[in-house]
Structure formats: C-alpha cells, structure tokens
Amino acid sequence: MSSTRKLLLLCVSRVGTSVATMVYAGSLPYLLDAWKMTAAQAGTVQSTYNIAYAVSLLIASWLADRIGAKIVFLVSVWSAAAAFLAFALGARSYESALILNAIVALTQGGAYTPSIMLVAGEFPPQRRGRAIGAIQAAASLGYLVSILVSFSASSLLSYEWGFYASAIGPLLGAAAGRLALTHTANIVHGQSTLAPGGTDLVRALTSRRSVLLTIGYTAHAWELLGMWAWTPTFLAAAFRSSGAADSAIMGLWIAVPIHLSGIVATLTMGEASDRWGRRCVLVSTALSGAFLSLTFGWLIDFPLAPLLVITFVYGFAVLGDSGVLSTAMTEAIHPQYLGTLLALRSILGFGAGAVSPLVFGWILDTTNPTSGLPQIWGWGFMALGVGGAIASVCALMLPGEKGGRV
C-alpha cells in the first residue's frame, strides 16, 4: 500500500475515533439542566476525562516503544469503539458520565501518539509536517462532527440520541485503522533503531529543544483543552442571549468555527513549518492564541456574525501549533526515545489540560451569581491565556537553525 493511501486511511480512522472526544462538550448546554450540574461539576467531568486521557497517552507511548506503535494503535481504536458504545448506553447522570467518560478517555491515547509515530516513520522530514498536520486535521474533523451531531441531536430529539448517533464514528474509525495497517510491519524502535553512542535518555530528555517543546506543549494543552471544553457552551449562551437560538442552525454554527478552523490550521501550519521553519510558526500561533484568549470571553454580547469569525480565528490560532509541536518533537529526539518523550509530554500536557476546564468552571461559578447558562465569561478565558503566554515565551526561546528552522 502506498504511503499516501495509508495516510488517507489513518486520517479516516482518526476522524471516526475522535468523534468520541467532543460528545460531552457538544451536549453540555443541555446536560447542565438535564443532570442538574453546576459549572464546577461540569468541568470536573471534562477534567476527569483529560486526566484519564493523559494516563492513556503515557501508557500508549511507553508501550509503543516496547511492543510497537501498530499493535498499540489497533488495540486502542477497537477498545475506543467498545468504550464509547458503553458511554452512549449508560451515561445518564453526572456520576455515571464521570466514570464512563473516563473509560472512553483511557482508550483514546493509543489512537493519538502511535498514529504520530507511524506517520513519522513513513514520511521524510521535508514532508513530515504536512503528513502529521493531516493526522491532526483529521482529528479536528472528528471533533467538528462530534459537536455537530451531539448538539443538534440534543436540540431536536434528546441528548441520548446524540450519544447514540455519535457511537457510529468510533466503529468506522476502528475499521479504517485496521485497513490502513494491514500490510504495515510492527516496528519496535527501542530494539531496531539504536541511538548514537553517548546519546542517552537523560540527555535526550533534558536537551534545550526537548525541554522548551515539552513546556510549550504543556501550556498549549492548558489553553486548548480549556477552550475546547467551554467554547461550545459560551457560543450557546451568545446565541440564546441574542434570541437566535434555532436548534439545528445553532448546532452547525457552534461546531464549524471551533473545529473547521482546527482543520485548516493543522493542514496549513504543518506545511508552513516545512517551508519556513517550526519556530516561526510556533511563535506566531502562540502569540495570536494568547491575545485572543485574553479578549475572547468579553465578547459575549458581540453581534453573532463577527463573533463567529473571531471564534474561527481563535480556534485556528490555538490549534495551529499542535501539529508543529509534535513534528518538532519527532525531529528533536532519536526514535529510540520518542515514545518515552511523548509519554512524558502527554502526562504533563494533559495533566495541565485536566485542571484547565475545572478551573474555568470554578471561575464561572464564582463570577456568575445565578444558575443555568453563565453570562460572564471573560475571566475564565483569561485564565486560559496564561497558557498561551507561556507557550509564546517557549517558542521565542527555541534555538533556530539556518533558514529559521527549529
């Protein structure tokens, strides 16, 4: 099978599996009332998901170094399909969602970092940014489908039907992943590709690039995961306050600017980093994301059309560095240690991302005196901007090479 066809099928797999990730966030405007949750409780469900996801990324990355990325990926995508079906059938309260959503998260990490490792091994550096960007864009498309389906079904029918419809995605993702890797060898880098003499694990993990990219990714995850968790509800509040809360149209316009922007960002920024260098792209996207996080939440009363345009730009900026950070990491460390470093990066990044939605929800409860959909959002989004600011500093401190490349 050609590399291009394999990449296409892996992208289809990432679309389907990623549908499971945003169903809770897409349904949240309706779950707040249906499950009688406070904003802090709602944030706890997402934070628990992110903690479990961090654990799954740690385990998946560690296993990929030892038993191969292909095996980990395939086991994970099939487990993801089964776990989300259990969520769709069983999540009917805050308590049940807390447990079942965490189980879904435990299956998701093996579909993420191993897919990056598989693509990194398939494409040379001059094409790698575009290829990894495509994998990231596929995940963003899955998130878009997830929010669109779950929000619209919750509006038109019930949140249960949103869960049921979304369960089709992970099943299709598992099947596509199996087709993609049918003729792919399972390579264990720790055994087959030894690092040059003197390049031990500690030195690899503590190099300037590795440290800056890891800190930058951690700050990026704080901002991104908080933004993903709460922006759909923020837009729902904006639609309702404007009196334009038509259910089907509302679901479409909430899903599209948040995650279509992510698709465009990961595709274009990956290729841009191939052409102009990783550092240049990381600096520009991190600075833009930080500025928008500091201002976005204060725009709740903006007219809807310009607000949706700003949401698109915000989503583009915050996700634009995601694939580039991953690509730069594959180039900063030898393949023998890549899984270990991705594991460390994941536990730190998604650990921060686990706290972020909870802190955001606590800020909403503190700054909004009444229950239901909050109306004061600025302080919550400003807290996300701290992550963007740290990511900007790390990007600026990255050493450059000839031509401005990281």
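The values are calculated or read from the model by the stated rules, or taken from the named source; none is laboratory data. Remember, it's a predicted structure, so these values are computed and weren't measured experimentally. Reconstructed Cβ throughout: ideal geometry from the backbone, glycine too, with neighbour counts over all protein chains shown.
Observations on the structure shown:
- Failed criterion for ALA86 (all others in (1) without any contact (Cβ under 8 Å) to a residue 24 or more places away in the chain; (2) outside any helix (DSSP H, G or I) hold): (2)
- None of VAL145, VAL72, VAL149, VAL104 is farther than 26 Å from ILE258 by Cα and modelled with pLDDT of 85 or more except VAL72.
- Residue list for the range 342-365, restricted to those being over 25 Å from ILE258 (Cβ atoms) and at pLDDT 75 or above: LEU344, ILE347
- Selection of the range 369-397 for residues being in a loop (DSSP other than H, G, I, E, B), at pLDDT below 85 and surrounded by fewer than 22 Cβ atoms within 10 Å (Cβ to Cβ) yields PRO369, THR370, SER371, GLY372, LEU373, GLN375.
- Test for VAL283: is it farther than 23 Å from ALA237 by Cα and aliphatic (A, V, I, L, M): yes
- Contact map, the range 2-27: residues that are touching a residue at least 24 places away in the same chain (Cβ under 8 Å) and closer than 22 Å to ALA185 by Cα paired with residues that are charged (D, E, K, R) and surrounded by fewer than 19 Cβ atoms within 10 Å (Cβ to Cβ), Cβ distance under 7 Å, separation 6+ or inter-chain. Pairs shown: SER3/GLU122; LYS6/GLU122.
- Between SER166, SER154, the distinction of being buried (at least 24 other Cβ atoms within 10 Å of the Cβ), more than 20 Å from the chain's Cα centre (by Cα) and among the polar types (S, T, N, Q) belongs to SER154 only.
- Selection status of ILE310, modelled with pLDDT of 75 or more, surrounded by fewer than 17 Cβ atoms within 10 Å (Cβ to Cβ) and under 27 Å from LEU98 (Cα atoms): no
- Residues of the range 240-271 that are modelled with pLDDT of 75 or more and more than 19 Å from the chain's Cα centre (by Cα): ARG240 alone.
- Filter result (hydrophobic (A, V, I, L, M, F, W, C), crowded, with 22+ Cβ neighbours inside 10 Å and either within 23 Å of ALA237 (Cβ to Cβ) or under 13 Å from the mean Cα position of the chain (by Cα) (or both)) within the range 17-69: VAL19, ALA20, MET22, VAL23, ALA25, LEU28, LEU31, ALA39, ALA42, VAL45, ALA54, LEU57
- Any hit, the range 49-60, residues being in contact with a His (Cβ under 9 Å, 6 or more places away or on another chain), farther than 29 Å from PHE381 by Cα and modelled with pLDDT under 85: no
- Long-range neighbours under 9 Å by Cβ, at least six apart or interchain, first residue over 21 Å from ARG240 (Cβ atoms) within the range 143-166, second surrounded by fewer than 24 Cβ atoms within 10 Å (Cβ to Cβ) and basic (Lys, Arg): GLU160/ARG92
- Odd one out for SER166, checked against (1) at pLDDT below 85; (2) out of contact with any Asp or Glu (no Cβ under 9 Å at 6 or more places or on another chain); (3) under 20 Å from LEU260 (Cβ atoms): (1)
- If you go through the range 169-186 and keep only what is modelled with pLDDT under 90 and either touching a Leu at 6+ places or on another chain (Cβ under 9 Å) or of a type in the set (Ser, Thr, Tyr) (or both), you end up with GLY177, ARG178, LEU179, ALA180, LEU181, THR182, THR184.
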